[in-house]
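Engineer: Got a structure for you, questions after.
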Amino acid sequence: MRTRALATAAASHADISASGATSTPVRKVAPISLANVEAQWTKLAEEEQAAVHEQLESLQVKDWKELSLDEKKAAYYVAFGPHGPRAPSSKPGDGYKIVGSVAVLVAAAGLLSIGLRQFAQPVAPTMTKEWQEASNERAKEMKLNPISGITSEGYKGAGYVQSK
């Protein structure tokens, strides 16, 4: 029966060498101090990280209460720390870059909108208030929509007037 191992992306060096799956010779790495593993983890070579992983696996076979605080911290960091696939994808200061980029894009869109309005054609004559009021009068003369529209009894809507 296999014991529970740390949940890391690193493969156990002992399992690989025992199965003979590697063609490179396995080099013995001196035991690494587990004190402050968090600070030195990124500086360790892959072989040293695998050695720390093996060392922690052998320590976790013991009762959890017997482990020192440094060993517990190291085991937790190796299993769940912000390294490998759990490394943060953004760097400090990326939020400011995003906010600045969005502000620049909004300003560019505003300037583009103002520029397009400067060169746009004038408002269509049918959108003037006078034209729309004349359309109301014409609809009343033709008695359009006598049930619920502009020529119905008690109608209080604006009719075709949309402009101010």
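The values are calculated or read from the model by the stated rules, or taken from the named source; none is laboratory data. Computed from a predicted model, the values in this text were never measured in an experiment. A quick note on method: Cβ atoms are made from the backbone with ideal geometry, for glycine too, and the neighbour counts reach across all protein chains shown.
Engineer: What number of residues within the stretch 56-102 satisfy the criterion of being modelled with pLDDT under 85, of a type in the set (A, V, I, L, M, F, W, C) and part of a loop (DSSP other than H, G, I, E, B)?
Structural biologist: So the answer is 2.
Engineer: Please tell me if LYS97 is within 35 Å of the chain's Cα centre (by Cα), closer than 30 Å to ALA50 by Cβ and not assigned by TED's automatic domain parsing to the domain that holds SER33. It would help to see each step written out before you state the result.
Structural biologist: On the way: within 35 Å of the chain's Cα centre (by Cα): yes; closer than 30 Å to ALA50 by Cβ: no; not assigned by TED's automatic domain parsing to the domain that holds SER33: yes.
For LYS97, the condition - within 35 Å of the chain's Cα centre (by Cα), closer than 30 Å to ALA50 by Cβ and not assigned by TED's automatic domain parsing to the domain that holds SER33 - is not met.
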